């Protein structure tokens, strides 16, 4: 890969085939893609188009059958499981469709979880948690547990958890799917704003029109291949 | 680590009912182990006491070979010196001299072979329980030299009662002549052990010495120590000290090897029971942890996705296993203690039961011992962690993308 600090993800002929009930499923059939730092992009496509598999591969959660993936300058296939864990911990933030906060931990504990894995001091963690809670408009709620807050608030906490350690890349899977339209729009605007402020790269997997409308770039997958790659002008 | 412990504890309490059921199941296993151990100690003490207190004593001194042949002339060598030394032994609580010989006992109705014991009635009170199990008559209370105390089975066989005459025939030591003496039955005992009730007869030591023609000598010194554990130590120098001059001093463990073997079997049965209980505990732990694991598979996918290493997941599951074991141990210790204390107060009635030739005379009381609160809880804790390794390893090896299939 050409050493270019602007490129955060580069994929080269990535393929993923797997067997399901004896039948070979070709989920990804050769994707060449470059995601640049600071992008606010969306991977879209119908169900079964390979969005989820592709995102799993670029985040090191799954391994490709063929092809190469670089995250910044790291070739994922050359990394051990432990190194991949550390890479995800330090460089990728995940936002899931169903929020997926740990229900027995408080809002503060959920947000500080990744920092704890990174070995950040208690005072520093607390400071950052309060700072990001203020940023997402949830100050004073740090002691509440996920079941005691609304779905929109849970997704805000999930965003805070993904962003608090300032990773280079945020991968968001259908982040608005479980939210009403207003809350979804509000959260997308918040993420857009954070993208502008921090320069973090956001990559969504989505069906949501609102996400596509706000994205700088929309990559459409169909049958495991890139069908369209549309870039918009900066808003 | 502290954070992981907090998380593990909260995870365990997430499904309180399931955790409580698993905790009770494991706790019942531990409680049963504690109670069984206490019962075994109680039974062991009871059997040893029953065996040694009945008549055997905690140790004996004889001439070498006497135990095998029971020849009349094999009296203890240097008896005076031995007695003098025993007087100075702080560990020795009581001792008494006996003569032991084969003999015939005859009544107008019947005849039987018996072991005729010449005893010192006053000293024997502290060393055997003949006086405690007198069924009729008395235990050498009179001054009459020709009193004989026999067992209920023998009395029945000879068809004799109190005051009836019997004739004892024994062989004299030096001449080998047969000697006969008439005795009146002054007491009948009932030990509830067939061999003792039908095969033994007790006369005064002086009369027995006279009949056997052995002067002031004797065949057996029976011993009771200040502390029974003193007798149980096989390498105790006491035994070698009194095993010189062609004499031998032996512990009850040598005199009654079948009892020691039975006690050994007790511990083996406890071990087998422990293995079974620990097996049940293992299934309980694995089941609980796996149910919890599969319920939260997606959550493990999430924590792995956000950067937790496989070792971190393994540690978390092991901490959950540890938390479950701490809860279970608390329940088990409480349960075991309560049950043991109840039975330690009311006792268990095994009286009259004969095991390995030993009749249980006393109520059986479980004995609480510190080992029950150290060995078993510690074993359960580490066993739980060991068993937890399996679900922990499974959790650490989950395929993250599969665990997250419903989302990213």
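The values are calculated or read from the model by the stated rules, or taken from the named source; none is laboratory data. Not measured: the values here are computed from a predicted model. Cβ: placed from backbone, ideal geometry, glycine included. Neighbour counts: every protein chain shown.
Could you please let me know if residue A:169 is at negative phi, crowded, with 16+ Cβ neighbours inside 10 Å and at pLDDT 90 or above?
Judged against the criteria, residue A:169 is a match.
So for the stretch A:130-149 (the condition being within 14 Å of chain B (Cβ to nearest Cβ) and either in a helix (DSSP H, G or I) or out of contact with any helix residue (DSSP H, G or I) (no Cβ under 9 Å at 6 or more places or on another chain) (or both)), does at least one residue qualify?
yes
Would you check which residues across the stretch A:181-202 are under 16 Å from residue A:97 (Cα atoms) and without any contact (Cβ under 8 Å) to a residue 24 or more places away in the chain and list them?
Result: no residue meets the conditions.
For the stretch B:264-287, indicate whether the set of residues that are touching a helix residue (DSSP H, G or I) at 6+ places or on another chain (Cβ under 8 Å), closer than 30 Å to residue B:222 by Cβ and part of a helix (DSSP H, G or I) is non-empty.
So far as the stretch B:264-287 goes, yes, one or more of its residues are touching a helix residue (DSSP H, G or I) at 6+ places or on another chain (Cβ under 8 Å), closer than 30 Å to residue B:222 by Cβ and part of a helix (DSSP H, G or I).
Could you list, in sequence order, the residues of the stretch B:302-330 that are away from chain A (no Cβ under 14 Å) and surrounded by fewer than 19 Cβ atoms within 10 Å (Cβ to Cβ)?
Correct list: B:326, B:330.
Counting only residues that are surrounded by fewer than 15 Cβ atoms within 10 Å (Cβ to Cβ) and at positive phi, how many does the stretch B:50-69 have?
The qualifying residues number 1.
Out of all the residues in the stretch A:118-148, which are in contact (Cβ under 8 Å) with a residue 40 or more places away in the chain and surrounded by 18 or more Cβ atoms within 10 Å (Cβ to Cβ)?
A:135, A:136, A:146
Across the stretch A:172-201, which residue is modelled with the highest pLDDT among those that are within 14 Å of chain B (Cβ to nearest Cβ) and within 15 Å of the chain's Cα centre (by Cα)?
Filtering first and then ranking leaves A:172.
Residues in the stretch B:8-18 that are at the interface with chain A (Cβ under 7 Å from one of its Cβ atoms) and farther than 14 Å from residue B:293 by Cβ: how many?
Number satisfying all stated conditions: 1.
To keep it simple, each residue is scored yes or no on (1) away from chain A (no Cβ under 14 Å); (2) within 30 Å of residue A:51 (Cα to Cα); (3) exposed (fewer than 15 other Cβ atoms within 10 Å of the Cβ); (4) modelled with pLDDT of 85 or more.
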{"position": "B:371", "(1), (2), (3), (4)": "yes, no, yes, yes"}
{"position": "B:374", "(1), (2), (3), (4)": "yes, no, yes, yes"}
{"position": "B:379", "(1), (2), (3), (4)": "yes, no, no, yes"}
{"position": "B:385", "(1), (2), (3), (4)": "yes, no, no, yes"}
{"position": "B:388", "(1), (2), (3), (4)": "yes, no, no, yes"}
{"position": "B:391", "(1), (2), (3), (4)": "yes, no, no, yes"}
{"position": "B:398", "(1), (2), (3), (4)": "no, yes, no, yes"}
{"position": "B:403", "(1), (2), (3), (4)": "no, yes, no, no"}
{"position": "B:406", "(1), (2), (3), (4)": "no, yes, yes, no"}
